[in-house]
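J.: Supplied in structure tokens, the structure appears directly below.
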Amino acid sequence: MKLQKIIMHLDMDYFFAQVEERENPEFKGKSVVVGANPRNGKGRGVVSTSNYKAREYGIRSGMPISRAYKLNPGAIFLPVNMRLYEKTAESISQILGEEGPKIEKISLDEAYIDLTGKYKTFKEAKKIGEKLKKEILKKEGLTSTVGIAENKMLAKIACESAKPNGIKVVLPKNSLNFISDLDVQKIPGIGPKTKEKIGKYLSKENPKIKDASKIKKKELVLLLGKRGEDFFKKFQGVDDARVLSKRKIKSVGREHTFQKDTRDPEKITKIFRNLVNTVTDKVQRKNLIVKGVVVIFRFEDFKKHTKQIAFPGGIYDKKFVYKKSVPLLLRFLMENNKKIRLIGFRTILK
Ligand code: TTP
Ligand code: MG
Ligand code: MG
């Protein structure tokens, strides 16, 4: 029997525009368009993205900025602040990275995660999706949408169908049903031209996936060339593409900010123990080897300091990691008597 895969696709909602809203709370409820300078309607570039309010006016990614200006001259037009979006994306990647190494980043704002083997049921996978959404919201103040299904294509379509701020699980028994009534253009890779060819062949203006799924493979190849073979499978809900993780996780860490700056040794050691525990649990679950640890302190004056220790041979054992890390904490506490605002603990992995 074929292995039942569980694939998650996560995509940030109106990413660039949402980051801008977060930075400028006064934009909430207004139309926000990120892209080229509209120059009172004479601008030449395009729209990168817009928030949902602006989309109500018909504004879309890739549209000339002059057109967007005509559709809604009162919108807030902002330049692309790529550095800010990259920094945000990096932090989101770190959150996703906690779910294991089988992650494929597709763009700044989306990724596939292969949960096969790690979670046994779609129900469990949904909980993970909810957890990730919550963590991203908590840490970055941004909403995202998750799709979960038996393959990448279905997970992506599921994600799109649940936007914004949603989560959609398509169980394998419902896969075909889920796509059958959708427009063929929902299949990634099918644009207006391919749709037109399929439409002509079927004598239908807006062919659905179920219509296209009736075309024989040979006919599809004649109609669309070599890509026809891939689309033939996709119309049946099949996608064999694997989640390709390019990068391994290099570290796992956690931080804790105290409600009030403190010097209370009991509080500090308790939090430290919890941090080490949470982090090493994650590391152990992934069978990773700890090559070193970093302890981070932020004092009441906001200054951040780190101390680290390397384990050239690598450590597996949780308790041993803790034992080796405590001296770093003690050194911090002995060096000065400033109050502590934040403690962090990070493992460097092989
Ligand atoms: P998308 O995920 O395609 O779109 P989005 O996040 O803005 O909106 P949605 O809620 O529908 O997911 O793209 C992610 C970011 O990539 C987007 O915020 C801006 C950038 N982008 C462009 O610069 N040009 C484009 O044509 C598209 C599609 C996106
Ligand atoms: Mg997006
Ligand atoms: Mg995207």
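J.: Nearest 20 debye, what's the magnitude of the dipole of the range 277-344 about its Cα centre given +1 on Lys and Arg Cβ and -1 on Asp and Glu Cβ? Numbers along the way, then the final one.
T.: On the way: 16 positive and 5 negative charges, 23 e Å.
The calculation lands at about 100 debye.
J.: On to the next question. Relative contact order for the chain: what percent, with Cα pairs under 8 Å and sequence separation of 6 or more? Write out the running numbers ahead of the final one.
T.: On the way: 622 pairs, mean separation 49.6, N = 350.
Relative contact order, the chain: 14 percent.
J.: So what does the Cα-only Debye profile of the chain read at q = 0.06, 0.15 Å⁻¹, as log10 I(q)/I(0), no solvent term?
T.: -0.31, -1.27
J.: So how far apart, in nm, are the two label points at Lys286 and Asn37 if each is 7 Å from Cα heading toward Cβ?
T.: If labels sit at Lys286 and Asn37, their model points lie 4.3 nm apart.
J.: Continuing with this model, one more query. Please give, to one decimal in nm, the separation of the simple spin-label points placed at Leu202 and Asn274, each 7 Å out from Cα toward the Cβ.
T.: Distance between label points: 5.5 nm.
J.: Still on this structure: Which residues' amide hydrogens lie under 5 Å from the amide hydrogen of Thr49, considering only partners 5 or more residues apart or on another chain, with H built in the peptide plane?
T.: Residues meeting the criterion, in which the H sits 1.01 Å from N, are Val34.
J.: Mind ranking 67-73, 111-117, 344-350, 268-274 by how tightly packed they are, going by the mean number of other C-beta atoms within 10 angstrom, highest first?
T.: So the peptides 67-73, 111-117, 344-350, 268-274, ranked by packing, come out 111-117, 344-350, 67-73, 268-274.
J.: For Glu266 and Asn24, calculate 0.36 nm times their separation in residues minus their Cα-Cα distance, and state this gained length in nm to one decimal.
T.: Numbers: separation 242, 0.36 × 242 = 87.12 nm, distance 3.92 nm.
Fully extending the segment from Glu266 to Asn24 adds 83.2 nm.
J.: What per residue convex hull volume, in Å³, do the alpha-carbon atoms of the range 134-228 yield?
T.: On the way: hull volume 11.0 nm³, N = 95.
Residue-normalised Cα hull volume stands at 115 Å³.
J.: In terms of modelled amide H atoms, which long-range or inter-chain residues lie less than 5 Å from the amide H of Asn37?
T.: Placed amide hydrogens put Gly45 under 5 Å from Asn37.
J.: Also, I was wondering about something else. Please sort 31-43, 86-98 by packing, taking for each peptide the average over its residues of neighbouring beta carbons within 10 angstrom, highest first. Could the numbers behind the result be given before it?
T.: Working: 31-43: 18.6, 86-98: 17.1.
Sorting 31-43, 86-98 by mean packing, highest first, produces 31-43, 86-98.
J.: With +1 assigned to the C-beta of every Lys and Arg and -1 to the C-beta of every Asp and Glu, and no other charges, what is the dipole magnitude of the range 196-350 about the Cα centre in debye, to the nearest 20?
T.: On the way: 42 positive and 17 negative charges, 62 e Å.
Charge dipole, the range 196-350, about its Cα centre: 300 debye, nearest 20.
J.: Okay, next question. Could you give me the ³J(HN,Hα) list for the range 13-20, computed from phi with Karplus coefficients 6.51, -1.76, 1.60 and θ = phi - 60°, whole Hz, x at Gly and Pro?
T.: 7, 4, 3, 4, 5, 5, 4, 5
J.: Kindly flag which residue pairs out of Lys138/Lys163; Lys156/Lys250; Lys2/Lys226; Lys168/Lys197 have an alpha-carbon separation exceeding 22 Å in this structure.
T.: On the way: Lys138/Lys163 19 Å; Lys156/Lys250 27 Å; Lys2/Lys226 26 Å; Lys168/Lys197 31 Å.
Correct reply: Lys156/Lys250; Lys2/Lys226; Lys168/Lys197.
J.: Same structure, new question: Grab the beta carbon distance between Lys233 and Lys319, set R0 = 45 Å, and tell me the FRET efficiency rounded to 0.05. Could you put the intermediate results ahead of the total?
T.: Numbers: r = 49 Å, r/R0 = 1.10.
With a Förster radius of 45 Å, E is 0.35.
J.: Could I have the simple spin-label model distance between Glu90 and Asp240, label points 7 Å from Cα toward Cβ, reported in nm to one decimal?
T.: In this crude label model, Glu90 to Asp240 measures out at 3.9 nm.
J.: Please report the antiparallel percentage of DSSP beta bridges with both residues in the chain, rounded to the nearest 5.
T.: Details: 45 of 52 bridges.
About 85 percent, rounded to the nearest 5.
J.: Need the full-extension length gain, Ile106 to Arg55, defined as separation in residues times 0.36 nm minus the C-alpha distance. One decimal, nm. All intermediate terms of the calculation are to be shown ahead of the outcome.
T.: On the way: separation 51, 0.36 × 51 = 18.36 nm, distance 2.35 nm.
Separation in residues times 0.36 nm, less the Cα-Cα distance, equals 16.0 nm.
J.: Rounded to the nearest Å, what's the spacing between the alpha carbon centres of the range 298-332 and the range 1-39? Just the number, please.
T.: What the calculation gives is 36 Å, centre to centre.
J.: What ³J(HN,Hα) values, in whole Hz, does the Karplus curve 6.51 cos²θ - 1.76 cosθ + 1.60 give for the range 198-214 when θ = phi - 60°, with x put for Gly and Pro?
T.: My calculation for the range 198-214 gives 5, x, 4, 4, 8, 6, 9, 6, 10, x, 8, 4, 5, 5, 5, 5, 8 Hz in order.
J.: So what's the gap between the Cα centers of the range 57-123 and the range 139-174, to the nearest angstrom?
T.: 13 Å
J.: Which one, Phe258, Phe231, Phe122, has the greatest fluctuation when you compute a Gaussian network model over the chain with C-alpha springs under 10 angstrom?
T.: Highest fluctuation of the listed residues: Phe258.
J.: How much accessible area per residue does the range 132-201 have, in Å², with a 1.4 Å probe? List each step's numbers first, then the result.
T.: Numbers: 3310 Å² over 70 residues.
About 47 Å² of surface per residue is accessible.
J.: How big is the charge dipole of the chain about its Cα centre, in debye rounded to the nearest 20, if each Lys and Arg gets +1 on its Cβ and each Asp and Glu gets -1 on its Cβ? Write out the running numbers ahead of the final one.
T.: Values: 77 positive and 40 negative charges, 153 e Å.
Charge dipole, the chain, about its Cα centre: 740 debye, nearest 20.
The values are calculated or read from the model by the stated rules, or taken from the named source; none is laboratory data. Everything numeric in this text was worked out from a predicted model, so none of it was measured. For neighbour counting, all protein chains shown are included, and Cβ atoms are generated from backbone atoms with ideal geometry for every residue, glycine included. Just so you know, the surface numbers come from the protein's heavy atoms only, side chains and all, with ligands and any DNA or RNA stripped out. Shrake-Rupley method; radii C 1.70, N 1.55, O 1.52, S 1.80 Å.
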